[in-house]
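Everything below concerns the one structure shown next.
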Amino acid sequence: MQGLTPSIDLAADALGRDLLPLEELADCAATVLARDGKTILSYGSAAGYTPLRELIGEWFAVHPSRVLLTNGRLHGLALLARLRLQGRSVLAEYPIHDRAEQVFLDAGASLIGVPVDEGGMVVEELQNTLGQYMRPALVYVIPNFHNPTGWTTPAQARARIVDLVITQNMVQTEEILLAEDDTYGLTRFEGEPLPALFDLSGGRSIYSSSFSATIAPGLRVGFFVLPDALAEQLGELAASMYITPVLLAQATVYEFIARGAFERHIGRLREALKARRDALLAAFEAHLPGATWSRPEGGLFTWLQLPGTPDGREVLRRADGVIARDGTVFSAVSSSLRLCFAAAPPDELEAGVERLAAAL
């Protein structure tokens with residue numbers, strides 16, 4: 001229809017379609033179907049495509065039996081929640097990743113919040129919370145480019161988290177699981193990589209990530225690196241629920257990595273994400289005096305505090321086709337907005353900020 005302003009989507013949870021390696025993925029899928037089609041189109045291990053599990057096991061220096069491939073990372077988190085969290089408590093960062101929050105609540109867990117700020121999870125609050133409340137079954141942390149804020153937990157704080165959750169609780173009869181969500185870790189385009197909680201814990205924590213965030217969201221390939229007993233239990237639960245995951249997608253990812261395409265793609269992706277992040281932050285500087293925001297060194301999101309603390313929901317209603325997510329979605333104040341810079345080109349990012357500014 002004529003006269004309608006084109007919408008600008010800053011609410012996305014994924015890469016823009018122009019960043020997807022379509023031709024290479026198509027060739028990878030054709031290759032694995034020709035080479036191994038009868039296997040990957042049949043039922044297989046509930047833990048996932050064995051060559052990819054072996055490769056991830058090499059990355060983390062663990063036996064592949066500890067690697068569980070799932071239909072997206074959230075699916076694996078839902079399996080973990082169903083197995084361990086019903087009627088128990090989860091300690092998580094607030095603002096909280098809304099989809100993870102829903103997974104925990106759907107499993108019947110109660111949530112205890114620990115604030116996250118420019119320095120990542122506030123470790124002093126973690127220590128106080130662990131001392132004051134009942135022992136949680138799980139501590140859930142996004143240390144790299146936190147969703148929704150984009151903030152990163154520094155190395156010293158990571159070591160302290162591991163100490164508080166794992167080292168100081170080793171003598172307890174009932175363990176606290178430390179679950180690391182590193183979905184965006186490989187997207188780092190600025191600064192130096194930081195040690196994973198998994199490495200700092202000597203492999204005693206849970207590590208999770210997703211190729212859906214780094215290759216293509218529609219692939220739905222997540223993975224978990226788990227303690228031996230827990231990996232076996234989750235594999236059995238997966239088998240009882242869906243028999244086998246999508247082996248074609250997992251085999252395609254394996255081929256994409258094995259032929260070197262993943263490394264090339266990640267290099268291009270980091271460059272594109274940095275350019276988009278820079279465009280968005282420059283637009284904030286130009287059009288939103290009085291606002292504050294996070295400066296992520298990777299990932300997909302930045303966290304914007306609107307000037308004058310207006311209700312972000314009302315601002316978005318007036319923002320002429322701009323789609324974004326206000327802070328209440330993440331259990332934060334409504335004057336905050338989570339903006340995704342990964343799904344729109346730089347010119348659209350600036351236009352979206354101009355519309356937000358005009359709506360204030």
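Considering only residues that are closer than 20 Å to E255 by Cβ and assigned to a loop (DSSP other than H, G, I, E, B), which ones fall in the range 1-31?
First, the residues of the range 1-31 that are closer than 20 Å to E255 by Cβ: 15, 19-31.
L15, L20, P21, listed by residue number.
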Practice task
Inspect the range 127-136 for any residue being closer than 30 Å to D326 by Cα, modelled with pLDDT of 95 or more and in contact with a helix residue (DSSP H, G or I) (Cβ under 6 Å, 6 or more places away or on another chain) and give the result as yes or no.
Solution key: no
Completion exercise
Screening R338, R295 for residues that are open to solvent by less than 30 Å² (accessible area, probe 1.4 Å), touching a helix residue (DSSP H, G or I) at 6+ places or on another chain (Cβ under 7 Å), of a type in the set (K, R) and farther than 14 Å from A357 by Cβ leaves only R338
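Return the total of residues in the range 250-261 being free of Cβ contacts under 8 Å to residues at least 40 places away in the same chain and part of a helix (DSSP H, G or I). It would help to see each step written out before you state the result.
So in the range 250-261, the residues free of Cβ contacts under 8 Å to residues at least 40 places away in the same chain come out as 260.
Filter once more, so that each one left must be part of a helix (DSSP H, G or I): none.
Qualifying residue count, the range 250-261: 0.
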Fill in the blank from the handout: Contact list, first residue from the range 262-278 and aliphatic (A, V, I, L, M), second anywhere and part of a helix (DSSP H, G or I) and open to solvent by less than 80 Å² (accessible area, probe 1.4 Å), beta-carbon distance below 7 Å, six or more apart or interchain, is L269/L19; L269/T187; A272/L19; L273/T187; A275/P346
Completion exercise
Scanning the range 316-333 residue by residue, those under 25 Å from G113 (Cβ atoms) and buried (at least 18 other Cβ atoms within 10 Å of the Cβ) turn out to be L316, A324, R325, D326, G327, V329, F330, A332
Practice task
Identify the residue in the range 59-78 that is small (G, A, S) and on the phi < 0 side of the Ramachandran plot and, among all such residues, is most open to solvent (accessible area, probe 1.4 Å).
Solution key: S65
Practice task
Could you tell me whether the range 1-13 includes any residue that is of a type outside the set (V, I, T), modelled with pLDDT of 95 or more, surrounded by 20 or more Cβ atoms within 10 Å (Cβ to Cβ) and more than 28 Å from E348 (Cα to Cα)?
Solution key: no
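Got at least one residue in the range 270-285 being of a type in the set (A, V, I, L, M, F, W, C), open to solvent by less than 70 Å² (accessible area, probe 1.4 Å), farther than 21 Å from L77 by Cα and within 20 Å of the chain's Cα centre (by Cα)? Explain how you work it out, then say what you get.
Let us first name the residues in the range 270-285 that are of a type in the set (A, V, I, L, M, F, W, C), namely 272-273, 275, 279-284.
In the following step, the residues that additionally are open to solvent by less than 70 Å² (accessible area, probe 1.4 Å) were identified as 272-273, 275, 279-284.
Adding the requirement that they be farther than 21 Å from L77 by Cα leaves 272-273, 275, 279-284.
So of that shortlist, the ones also within 20 Å of the chain's Cα centre (by Cα) come out as 272-273.
Yes, there is a match, as at least one residue in the range 270-285 is of a type in the set (A, V, I, L, M, F, W, C), open to solvent by less than 70 Å² (accessible area, probe 1.4 Å), farther than 21 Å from L77 by Cα and within 20 Å of the chain's Cα centre (by Cα).
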Handout entry: First in the range 92-121 and within 19 Å of N144 (Cβ to Cβ) and β-branched (V, I, T), second anywhere and outside any strand (DSSP E or B) and open to solvent by 20 Å² or more (accessible area, probe 1.4 Å), Cβ under 7 Å, 6 or more apart
Key = I96/S331; V114/V122; V114/E125; V116/V122; V116/W151
Fill in the blank from the handout: Scanning the range 110-119 for residues that are open to solvent by less than 40 Å² (accessible area, probe 1.4 Å) and either over 19 Å from the mean Cα position of the chain (by Cα) or farther than 16 Å from A100 by Cβ (or both), the one modelled with the lowest pLDDT turns out to be G119
Fill in the blank from the handout: Scanning the range 43-83 for residues that are among the charged types (D, E, K, R) and at pLDDT 95 or above gives R53, E54, E58, R66, R82
Problem - Total residues in the range 258-269, condition open to solvent by 70 Å² or more (accessible area, probe 1.4 Å) and β-branched (V, I, T) - result: 0
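Answer yes or no as to whether E93 is among the charged types (D, E, K, R), out of contact with any helix residue (DSSP H, G or I) (no Cβ under 9 Å at 6 or more places or on another chain) and buried (at least 21 other Cβ atoms within 10 Å of the Cβ).
Here the answer is yes, as E93 does meet what is asked.
Does E255 meet the test of being open to solvent by less than 70 Å² (accessible area, probe 1.4 Å), modelled with pLDDT of 95 or more and closer than 30 Å to A81 by Cβ?
Values: open to solvent by less than 70 Å² (accessible area, probe 1.4 Å): yes; modelled with pLDDT of 95 or more: yes; closer than 30 Å to A81 by Cβ: no.
Here the answer is no, as E255 does not meet what is asked.
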Fill in the blank from the handout: Per the filter on the range 286-341, residues β-branched (V, I, T), under 23 Å from the mean Cα position of the chain (by Cα) and assigned to a helix (DSSP H, G or I) are T328, V329
Fill in the blank from the handout: Checked pairs for the range 223-241, first closer than 17 Å to T50 by Cβ, second among the acidic types (D, E) and assigned to a helix (DSSP H, G or I), C-beta under 9 Å and 6 or more apart or across chains, list as L226/E232
Exercise for the section: Would you be able to say whether some residue in the range 79-87 is over 20 Å from the mean Cα position of the chain (by Cα), surrounded by fewer than 13 Cβ atoms within 10 Å (Cβ to Cβ) and not β-branched (V, I, T)? Expected result: yes
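The values are calculated or read from the model by the stated rules, or taken from the named source; none is laboratory data. All values reported here derive from a predicted model rather than from experimental measurement. Note: ideal-geometry Cβ built from the backbone for every residue, glycine included; neighbour counts use all protein chains shown. The protein model used for the area step is the full one, side chains on, heavy atoms only, and it has no ligands, DNA or RNA in it. Shrake-Rupley method; radii C 1.70, N 1.55, O 1.52, S 1.80 Å.
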